[in-house]
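Inspection log for the structure reproduced underneath, given as structure tokens.
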Amino acid sequence: AMLVIGAGTGVHKTVAVRLLARAYPVRTGRTLGVHDTFGALSGVVAPAAVVVFLSAPPSLAFLLDRVPGASWRGLFVVIAGAAFLLAVLFLVRGPSRLPDGAADGDDGGSEPGVTEYLALFRDRRFTAFVAVTVGFSFAHNGLIAFLPLYLSREAGLTAATASLLYSVVFAVTFVQLVTGELSDRVGRYPVMVGTLGVAAVALLALVLA
């Protein structure tokens with residue numbers, strides 16, 4: 001089940017970015033900022049929901065245990081149902097709102113093959129860019145995966161407090177609405193360099209503090 005979830009979420013993001021860039025070529029940064037911001041909402045809501053269950057008083061916990069679906073398993077079921085409904089909605093309404101050919105991958109140009117793609121790595125600048133991107137993704141996903149445990153064990157915080165602070169990480173991603181708009185105006189590269197620099201300094205400060 002975990003492998004299927006990972007495959008689904010990984011493929012979705014890769015395809016969604018390209019699809020949205022085609023559908024909104026003028027304001028791509030703004031569009032992707034909105035897309036990622038709404039995606040981050042779940043990161044704010046989920047830890048808060050966990051805190052509610054962890055910190056519920058005995059009387060409320062007793063009632064929650066007897067409400068169908070009112071558990072961490074119930075949350076998974078609700079999320080799965082919402083994802084399924086959104087997929088059906090996109091299947092029905094999406095193609096009519098996309099530019100011609102975007103729904104089936106036809107953008108009027110030829111798609112590079114595997115050989116052409118691998119040949120790009122002969123360019124040292126391209127290889128360096130991919131290495132930096134993979135490195136940042138590795139660090140970001142590591143932070144997201146282990147931050148609650150890190151705050152609990154290293155900082156000595158309670159599980160409820162660690163979960164709330166964890167949700168703050170996702171709440172701050174609302175800044176993507178600003179950085180997306182900014183990338184449309186000043187360019188993507190300066191915004192990428194600036195945001196990666198801030199993230200690196202913040203991660204270092206978290207460990208040292």
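Could you say which residue among 180, 135 is in a helix (DSSP H, G or I), without any contact (Cβ under 8 Å) to a residue 40 or more places away in the chain and open to solvent by less than 50 Å² (accessible area, probe 1.4 Å)? Let's see the steps before the verdict.
Values: 180 fails: without any contact (Cβ under 8 Å) to a residue 40 or more places away in the chain.
Answer to the check: 135.
Residue-level check: of (1) farther than 30 Å from residue 26 by Cβ; (2) open to solvent by less than 70 Å² (accessible area, probe 1.4 Å); (3) assigned to a helix (DSSP H, G or I); (4) not hydrophobic (A, V, I, L, M, F, W, C), residue 115 misses just (2).
Of all residues in the range 21-39, those that are without any contact (Cβ under 8 Å) to a residue 60 or more places away in the chain have Cβ atoms under 7 Å from Cβ atoms of residues that are surrounded by 16 or more Cβ atoms within 10 Å (Cβ to Cβ) and hydroxyl-bearing (Ser, Thr, Tyr), 6 or more apart or on another chain, in 21/28; 24/31.
State yes or no: is residue 145 in a helix (DSSP H, G or I), of a type outside the set (D, E, K, R) and at pLDDT below 85? So residue 145 passes the test.
Scan the range 153-170 for residues that are polar (S, T, N, Q), buried (at least 16 other Cβ atoms within 10 Å of the Cβ) and without any contact (Cβ under 8 Å) to a residue 12 or more places away in the chain and the total you get is 1.
The values are calculated or read from the model by the stated rules, or taken from the named source; none is laboratory data. Predicted model, so just to flag it, every value in this text is computed and none were measured. Cβ sites come from the backbone with ideal geometry, for glycine too, and all protein chains shown count toward neighbours. Surface accessibility is based on the protein's heavy atoms, side chains included, excluding ligands, DNA and RNA. Shrake-Rupley method; radii C 1.70, N 1.55, O 1.52, S 1.80 Å.
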